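To start, the structure itself, in structure tokens.
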Ligand SMILES: Cc1cc2nc3c(=O)[nH]c(=O)nc-3n(C[C@H](O)[C@H](O)[C@H](O)COP(=O)(O)OP(=O)(O)OC[C@H]3O[C@@H](n4cnc5c(N)ncnc54)[C@H](O)[C@@H]3O)c2cc1C
Ligand SMILES: Nc1ncnc2c1ncn2[C@@H]1O[C@H](COP(=O)(O)O)[C@@H](O)[C@H]1O
């Protein structure tokens with residue numbers, strides 16, 4: 001079995017994000033970057049499959065040289081091989097463009113399973129797992145919180161805004177990882193040393209062009225500031241007279 | 001210009017978020033065509049409604065539903081394909097982008113003069129986006145748009161199409177639905193969230209739930225209970241209630257943060273709420289910096305009295 005995971009480099013969840021001075025981007029100075037948290041679940045799941053079923057594992061990221069940091073971390077967690085799809089300023093791409101890159105690499109590698117994160121915490125889209133599943137004609141399971149590997153198929157628990165569900169799909173399959181799927185491990189010293197010695201394969205892919213651009217970034221509108229209430233009656237009064245829900 | 005809107009439903013009842021998508025569609029197009037799976041009732045704001053029935057779709061499955069939309073789009077050639085950014089709508093949107101080789105903008109919150117606004121980096125900044133395509137796939141963030149009000153009588157068109165079984169290769173086996181009184185945090189008008197400061201799961205389940213139910217009775221609005229990650233990790237309540245960067249993004253009319261410090265990852269999920277009310281014993285807690293109303297107290301000194309007074313208001317109403 002061959003499993004591919006796709007990871008994106010994103011700012012740390014705790015980072016303070018402000019628009020750059022020209023507003024065209026965010027200020028990237030002194031911002032620590034991490035593997036998108038949901039993609040870390042994907043990496044962990046693939047490594048577990050390698051350990052339990054001897055799966056061959058490949059990690060891919062679309063980005064500039066800086067994303068090698070995240071690829072190496074995935075290798076250190078136990079992934080066999082890494083591929084970098086070269087694209088500077090990858091955070092400016094539309095999901096459909098990233099989708100085409102993922103589809104291209106997947107076609108070359110022909111995996112039985114592709115695991116993505118359910119979303120990326122930078123641009124908050126959720127589109128890629130279904131995009132890729134459609135284009136590759138793979139089955140799809142989104143928002144997986146638990147995966148069980150049966151003969152020729154996977155059984156998954158998933159969490160949606162309507163509740164919890166159990167789904168089943170045959171291979172080949174695209175899965176998107178939701179929190180709860182597993183607990184990503186911290187790479188150990190041996191893993192880190194091995195990852196350093198591995199070469200990261202670099203490839204280029206032509207992207208389709210779309211009318212898509214982020215014109216500016218602005219800070220969220222300021223909130224009006226807190227009004228300190230002294231007691232419950234003042235709270236009830238505010239709910240009645242200002243929020244007008246009582 | 002024409003829009004095609006997917007009307008998502010649960011057990012045959014259209015979701016409110018779908019009418020927000022129709023409301024947005026009305027604002028940018030002169031003709032709005034809907035697609036509905038099942039038997040439609042009380043569908044507002046549309047010129048035309050395509051109806052498709054298939055018992056295999058009592059639980060929506062993206063791949064076959066995409067095929068239904070493809071069929072409608074081949075007749076209508078709409079410029080915009082609009083969906084609500086629910087769990088299912090987001091999944092379907094990605095699939096449609098692939099199907100039509102179209103650009104997609106997911107979960108945006110407003111539109112003006114050709115520019116879409118969307119929260120990036122967990123709403124720490126807002127992005128002003130220009131995007132275009134034929135068609136263009138858009139999903140509207142729940143609660144960010146006004147639901148359509150016009151009560152037009154749509155022309156109903158029944159779709160007769162056999163969907164091949166091979167489109168159903170990913171399929172649901174079991175569904176554990178929320179009980180009908182339980183509202184999802186993303187759809188609620190009021191979210192009452194409790195954090196580690198509640199002290200124990202028993203306190204959470206007694207007092208957060210009591211406030212949720214009292215508010216629901218006193219206001220008649222949809223109220224849900226939310227949580228910080230600290231208490232989800234501690235197992236007090238399941239992850240579907242978690243608000244924040246690795247939980248859900250909510251923008252209710254009122255967000256109560258009780259015993260929640262307001263870590264940046266928590267703020268990410270709730271800072272676009274209309275009114276934020278914090279109850280925290282620590283006056284320095286970061287949650288107060290983004291709140292509209294604050295009570296600097298132990299919850300023990302607030303919740304019992306608040307619940308009692310709300311219950312009294314509820315009784316007076318009936
Ligand atoms: C990658 C990553 C993702 C994360 N994602 C999320 C996320 O999605 N959502 C999320 O919430 N967090 C998330 N976090 C965790 C976040 O950083 C905080 O740890 C978490 O939000 C803290 O939860 P809390 O406010 O309940 O607990 P605490 O920070 O411990 O705050 C408890 C608060 O309760 C108050 N308190 C104590 N006793 C009382 C009392 N009797 N009455 C009133 N107030 C009282 C205290 O003053 C304190 O302010 C994430 C962290 C990381 C690293
Ligand atoms: N630049 C990228 N490189 C590799 N994988 C990506 C990239 N962007 C997104 N992905 C993958 O697609 C998933 C969903 O992304 P999105 O739909 O954009 O939120 C992510 O969790 C990743 O698994």
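Brief remarks follow.
- Hey, residue B:251 more than 9 Å from chain A (Cβ to nearest Cβ), more than 8 Å from ligand 1 (Cβ to nearest atom), closer than 20 Å to residue A:220 by Cβ and surrounded by 24 or more Cβ atoms within 10 Å (Cβ to Cβ) or not: no
- Options A:27, A:36: the member that is within 14 Å of chain B (Cβ to nearest Cβ) and without any contact (Cβ under 8 Å) to a residue 24 or more places away in the chain: A:27
- The residue pairs whose first member lies in region B:278-295 and is more than 9 Å from every other protein chain (Cβ to nearest Cβ) and farther than 11 Å from residue B:260 by Cβ, whose second member is in a loop (DSSP other than H, G, I, E, B) and within 8 Å of ligand 1 (Cβ to nearest atom), and whose beta carbons are closer than 7 Å, counting only pairs six or more residues apart or on different chains, are B:281/B:297; B:281/B:298.
- Single match in B:178, B:222 (criterion: within 20 Å of the chain's Cα centre (by Cα) and over 18 Å from residue B:307 (Cα atoms)): B:178
- Just one of (1) more than 21 Å from residue B:259 (Cβ to Cβ); (2) touching a helix residue (DSSP H, G or I) at 6+ places or on another chain (Cβ under 7 Å) fails for residue B:196. It is (1).
- Among residues of region B:255-283 being more than 7 Å from ligand 1 (Cβ to nearest atom) and in a loop (DSSP other than H, G, I, E, B), the one that is farthest from the chain's Cα centre (by Cα) is B:283.
- All positions within region B:33-52 that are within 19 Å of residue B:70 (Cα to Cα) and either free of Cβ contacts under 8 Å to residues at least 40 places away in the same chain or not assigned by TED's automatic domain parsing to the domain that holds residue B:17 (or both): B:35, B:36, B:37, B:38
- Candidate set from region A:191-214 (those that are out of contact with any helix residue (DSSP H, G or I) (no Cβ under 9 Å at 6 or more places or on another chain) and without any contact (Cβ under 8 Å) to a residue 40 or more places away in the chain); member that is nearest to residue A:57 (Cα to Cα): A:199
- In summary, strands (runs of 3 or more DSSP E) completely within region B:140-221 and bearing 3 or more residues that are surrounded by fewer than 17 Cβ atoms within 10 Å (Cβ to Cβ) and at the interface with another protein chain (Cβ under 10 Å from one of its Cβ atoms) occur at B:170-177.
- Of all residues in region A:126-140, those satisfying the criterion of being facing another protein chain (nearest Cβ under 7 Å) and surrounded by fewer than 24 Cβ atoms within 10 Å (Cβ to Cβ) are A:134, A:135, A:139.
- Selected residue (criterion: farthest from the other protein chains (Cβ to nearest Cβ)) from residues of region A:106-124 that are buried (at least 23 other Cβ atoms within 10 Å of the Cβ) and away from ligand 1 (no atom under 16 Å from the Cβ): A:111
- Sub-7 Å Cβ pairs linking a first residue in region B:256-275 that is within 19 Å of residue A:245 (Cα to Cα) to a second residue that is away from ligand 2 (no atom under 16 Å from the Cβ) and at pLDDT below 95, at least 6 apart or interchain, are B:272/B:251; B:273/B:250; B:273/B:251, ordered by first then second residue.
The values are calculated or read from the model by the stated rules, or taken from the named source; none is laboratory data. Small disclaimer: the values here were computed from a predicted structure and weren't measured. All Cβ positions, glycine included, derive from the backbone under ideal geometry; neighbour counts span all protein chains shown.
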